[in-house]
Amino acid sequence: SQTIHQWPATLVQPVGSPLSLECTVEGTSNPNLYWYRQAAGRGLQLLFYSVGIGQISSEVPQNLSASRPQDRQFILSSKKLLLSDSGFYLCAWSPTANQPQHFGDGTRLSIL
Amino acid sequence: QKEVEQNSGPLSVPEGAIASLNCTYSDRGSQSFFWYRQYSGKSPELIMFIYSNGDKEDGRFTAQLNKASQYVSLLIRDSQPSDSATYLCAVPDSGGYQKVTFGIGTKLQVIP
């Protein structure tokens, strides 16, 4: 069966510091991969998605970036965090866009 | 811009009653529809998906789809306090885009 791992579970970072969140999927190949952010009490905001190695589509232009160095690995990065980057970051995968996405446990990011 | 509309609630129902959650979508070409449950502080969990017009039942959950009206609903029978959560409607974009639009979610409160 397929599993998705996302870490860390919580992170507290100062403004201006870098960020790296990692997500890996097991038990499948060539999945679609997604990064979302959910602000407190808000809906899911799609940040990036990828349909293959090295293929990244950006939905929201901001100080975040994503990379997919391996088939089942998706990384979310920032060089300098802003206060507005606080939120609940979720990684998800699906076989194709028309099939359900499955989410990791999420990373709660607080910026001080 | 694809849109998925949900009433944010909260929707309050007494224990044992039927909870009815509704969702409308703008993309006429969408072929599949998903319902997720999200407990506070947790990641979304897939509970139902439906591809064809009509009803689909799974235990206490029934998904209803009307493509002509661009309307999808989720019924929860014999509601339990453990059903208290936010329910997200998700609709994949048509036209070859490998992404999904999520509604803001409806918060359901089941009163014991």
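Among the residues of segment A:1-52, those that are open to solvent by 30 Å² or more (accessible area, probe 1.4 Å), part of a loop (DSSP other than H, G, I, E, B) and over 26 Å from B:Cys89 (Cα atoms) comprise A:Pro8, A:Pro14, A:Val15, A:Gly16, A:Pro18, A:Gly27, A:Ser29. Residues considered: B:Ser79, B:Ser73. Of these, the only one that is more than 14 Å from every other protein chain (Cβ to nearest Cβ), open to solvent by less than 60 Å² (accessible area, probe 1.4 Å) and outside any strand (DSSP E or B) is B:Ser79.
Within segment B:86-112, if we keep just the residues that are away from chain A (no Cβ under 14 Å) and in a strand (DSSP E or B), the residue that is nearest to A:Gln101 (Cα to Cα) turns out to be B:Leu108.
Within segment B:6-58, being open to solvent by 70 Å² or more (accessible area, probe 1.4 Å), within 11 Å of chain A (Cβ to nearest Cβ) and over 25 Å from A:Tyr89 (Cβ atoms) holds for B:Gln31, B:Tyr51.
Reported count of residues in segment A:62-112, each being within 14 Å of chain B (Cβ to nearest Cβ), of a type outside the set (S, T, N, Q), out of contact with any Pro (no Cβ under 6 Å at 6 or more places or on another chain) and outside any loop (DSSP other than H, G, I, E, B), is 12.
Residues that are without any contact (Cβ under 8 Å) to a residue 60 or more places away in the chain and open to solvent by less than 80 Å² (accessible area, probe 1.4 Å) within segment B:95-112 comprise B:Gly96, B:Gln98, B:Lys99, listed in sequence order.
The values are calculated or read from the model by the stated rules, or taken from the named source; none is laboratory data. The structure presented is a predicted model; accordingly, all values stated were derived computationally and were not measured. Neighbour counts run over all protein chains shown; Cβ positions are idealised from the backbone, glycine included. The accessibility values were calculated without ligands, DNA or RNA, using every heavy atom of the protein model including side chains. Shrake-Rupley method; radii C 1.70, N 1.55, O 1.52, S 1.80 Å.
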